[in-house]
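A.B. asks: Please read through the structure below; I'll follow up with questions.
The values are calculated or read from the model by the stated rules, or taken from the named source; none is laboratory data. A quick note: this is a predicted structure, and the numbers were derived from the prediction, not measured. Please note: Cβ atoms are built from the backbone with ideal geometry, for glycine as well, and neighbour counts cover all protein chains shown.
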Amino acid sequence: KQEVTQIPAALSVPEGENLVLNCSFTDSAIYNLQWFRQDPGKGLTSLLLIQSSQREQTSGRLNASLDKSSGRSTLYIAASQPGDSATYLCAVRPWQAGTALIFGKGTTLSVSS
Amino acid sequence: GAVVSQHPSWVICKSGTSVKIECRSLDFQATTMFWYRQFPKQSLMLMATSNEGSKATYEQGVEKDKFLINHASLTLSTLTVTSAHPEDSSFYICSARQGLGAFFGPGTRLTVL
């Protein structure tokens, strides 16, 4: 059974720091991996999607990498801002057709000004 | 981009009543939608997979008679929480797949008194 783990569970940094969020998964047979942002009491905002054949994706200050063979992904946030404060969720889509995403518990990020 | 809406965004009801939550894909057709539940400070847990024109597939431990799912069209799936109890209070989020990505609704906060 696929399990997704995110470390750390919470992270506090001062504004301007570069930071890395980690995600690991137990079964490398994935179709893709997606990073989401969730603000308190809100739904999910998709940040980056990496196909299983890709190694990384970039969007603005965000860069996500994928090492499928080792079951790891990282989300790199450059020059963090207070507006980046949110919970970041990692989710994998198993290879089987029609399957739902499997989520980690998330990393709650707090960026202080 | 693909947009998924949910209605209502929040609902408060008395114990024993039933509540219906709608999930709509606004600008695309979704043959498969997914329903998740999220408890405070927890990750999203898949409840069921909703397939247009057929019965939903429920995850282990989810009561199909309590959480009724209807996917009557390619753009609408509904989740009805029957005879709701306080322990059903949670954040319910739907997702629809389009192409490679999964798109999520904004969620519905259910509070059962």
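A.B. asks: Could you check, for region B:97-112, whether at least one of its residues is free of Cβ contacts under 8 Å to residues at least 60 places away in the same chain, surrounded by 17 or more Cβ atoms within 10 Å (Cβ to Cβ) and within 30 Å of A:Asn32 (Cβ to Cβ)?
C.D. replies: No, because not a single residue in region B:97-112 is free of Cβ contacts under 8 Å to residues at least 60 places away in the same chain, surrounded by 17 or more Cβ atoms within 10 Å (Cβ to Cβ) and within 30 Å of A:Asn32 (Cβ to Cβ).
A.B. asks: Right, next: Quickly run through region A:50-60 and pick out the residues that are assigned to a loop (DSSP other than H, G, I, E, B) and either touching a strand residue (DSSP E or B) at 6+ places or on another chain (Cβ under 7 Å) or at pLDDT 95 or above (or both). Can you show your working first?
C.D. replies: Initial filter on region A:50-60 (assigned to a loop (DSSP other than H, G, I, E, B)): A:52-55, A:60.
Answer for region A:50-60, where residues must be assigned to a loop (DSSP other than H, G, I, E, B) and either touching a strand residue (DSSP E or B) at 6+ places or on another chain (Cβ under 7 Å) or at pLDDT 95 or above (or both): A:Ser52, A:Gln54, A:Arg55, A:Gly60.
A.B. asks: Would you say A:Lys68 is of a type in the set (D, E, K, R), surrounded by 14 or more Cβ atoms within 10 Å (Cβ to Cβ) and without any contact (Cβ under 8 Å) to a residue 24 or more places away in the chain? If you could, list the steps in order and put the result at the bottom.
C.D. replies: Working: of a type in the set (D, E, K, R): yes; surrounded by 14 or more Cβ atoms within 10 Å (Cβ to Cβ): yes; without any contact (Cβ under 8 Å) to a residue 24 or more places away in the chain: no.
Here the answer is no, as A:Lys68 does not meet what is asked.
A.B. asks: Shifting gears a bit: Among the residues in region B:37-59, are any away from every other protein chain (no Cβ under 14 Å), more than 11 Å from the chain's Cα centre (by Cα), surrounded by 16 or more Cβ atoms within 10 Å (Cβ to Cβ) and not hydroxyl-bearing (Ser, Thr, Tyr)?
C.D. replies: no
A.B. asks: Scan region A:26-49 residue by residue and report those that are free of Cβ contacts under 8 Å to residues at least 40 places away in the same chain, surrounded by 14 or more Cβ atoms within 10 Å (Cβ to Cβ) and either in contact with a helix residue (DSSP H, G or I) (Cβ under 9 Å, 6 or more places away or on another chain) or not in a strand (DSSP E or B) (or both).
C.D. replies: Residues satisfying the conditions are A:Lys42, A:Gly43.
A.B. asks: Quick one: A:Lys105 ticks every box in (1) under 29 Å from B:Thr108 (Cα atoms); (2) in a strand (DSSP E or B); (3) within 14 Å of the chain's Cα centre (by Cα) bar one, so which box is it?
C.D. replies: It fails just one condition, (2).
A.B. asks: Give me a count of the residues in region A:36-51 that are within 16 Å of A:Cys23 (Cα to Cα), touching a Leu at 6+ places or on another chain (Cβ under 9 Å) and facing chain B (nearest Cβ under 8 Å).
C.D. replies: Selection size over region A:36-51: 3.
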